[in-house]
Amino acid sequence: MVSFPNKLTEEMRQKIFEHQASFNLISGVVILHDIRDWSIVFMSERGLNDLKISEEELYSMTNEVYHARFFNADDAADYVPKISALMQKNSDTATVSFYQQLKFPDSPQWRWHLSSIRIFMRDDDGKPLITITISIPVDAMHHMAAKADRLLEENNFLRNNYTNFSKLSKREQTILREIALGKSSIEIADELCISPTTVDTHRRNIREKLNTKSSFEISKYARAFDLI
């Protein structure tokens, strides 16, 4: 059960409670700030685990203590003006992104994060009351970018080589998959109940149709066309 700072109104508690389950499903860390003093009024479970801190301890911290403990003060010169401009703009659709360095209890090293902040809740007069920030480790972003690059490369390979692949029969596609999995002609023959000589013939035909010369190229076809 999520707990809240005592200063929150029932309306603020209800608003956060309605979203807290989905906040905990987000891959990054979700933080809600009360902009009256910029204290934290909610942090998702991932963030609490990373900081090795309880909700009670976190909510008892002032904004100054929180940032001094976990953040590199030099970064504030970049993001504080951006956040101030966001509050002045007072738009429901505006978002500000910035980089921050954090230091976790289990490591002396600073770790870069990309954070994005926007208005989450307003008061009765329509003024910003609570902001929501989502923070993602830069290392995780690099991993996602690398994965996206691989998918793009495979997609380009698929489009450029579809004509060659379409020349293969169903049997040749099956054998292509087995070759990509590293199986020998004898192993493939036993599995498909055909002779090793027939498998070797299929191998030659596959290489000719795909214009491949190595097992690596065979594997690229198998991955791009979802055979493995």
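No value in this document is a laboratory result; all are computed from the given coordinates. Here the structure is a predicted model, which means the values were calculated and not measured. Please note: Cβ atoms are built from the backbone with ideal geometry, for glycine as well, and neighbour counts cover all protein chains shown.
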For Lys127, the aspartates and glutamates lying under 14 Å Cα to Cα, once residues fewer than eight places off in the same chain are dropped, come out as Asp34, Asp92
On a 0 to 90° scale, report how tilted helix 215-224 is relative to the longest principal axis of the chain, with both axes built from alpha carbons and the result rounded to the nearest 10.
-> 60 degrees
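Given R₀ = 41 Å, FRET efficiency for Asp78-Phe157 by Cβ-Cβ distance, to 0.05?
0.55
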So which residue, out of Lys52, Lys213, Lys82, gets the largest mean-square fluctuation from a GNM of the chain using Cα contacts under 10 Å as springs?
-> Lys213
Tilt, helix 76-89 to longest principal axis of the chain (alpha-carbon atoms), in degrees rounded to tens, equals 80 degrees
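In percent, what relative contact order does the chain have, based on Cα pairs under 8 Å that are 6 or more apart in sequence? Spell out each step's value before the answer.
Details: 265 pairs, mean separation 32.5, N = 228.
Relative contact order comes out at 14 percent.
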Calculate, axis by axis, the spread of Cα positions in the stretch 10-142 along the three principal axes, and write the results as whole Å, longest axis first.
-> 44, 29, 29
Stretch Arg36-Lys89 to full length: gain in nm at 0.36 nm per residue minus the Cα-Cα span?
-> 17.4 nm
Virtual spin-label span in nm between Ser3 and Lys103, 7 Å along Cα→Cβ | 2.7 nm
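Explain nothing, just the number: dipole magnitude of the stretch 167-224 about its Cα centre with +1 on each Lys and Arg Cβ and -1 on each Asp and Glu Cβ, in debye rounded to the nearest 20. Let's see the in-between values first.
Values: 12 positive and 8 negative charges, 72 e Å.
So the dipole magnitude of the stretch 167-224 works out to roughly 340 debye.
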Match the structure shown to one of the listed values [x] 79, 41, 29; [y] 79, 35, 35; [z] 56, 39, 29 of Cα extents along the principal axes in Å, computed from it, and give that label.
-> [y]
Euclidean distance between Cα centres, the stretch 34-99 to the stretch 175-228, Å | 55 Å
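Can you give the extra length, in nm with one decimal, that the chain gains between Thr198 and Ser54 once fully stretched, where that is 0.36 nm per residue apart less the Cα-Cα distance?
Details: separation 144, 0.36 × 144 = 51.84 nm, distance 6.59 nm.
My answer for the length gained is 45.2 nm.
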Report the FRET efficiency, 1/(1 + (r/R0)^6), for Phe216 and Gln173, where r is their Cβ-Cβ distance and R0 is 22 Å, rounded to 0.05.
-> 0.75
Sticking with the crude label model, points 7 Å out along Cα→Cβ, report the distance from His67 to Glu208 in nm, one decimal please.
-> 7.2 nm
Sites Ser184 and Ala21 - FRET efficiency at Förster radius 41 Å, r taken between beta-carbons, to 0.05 | 0.20
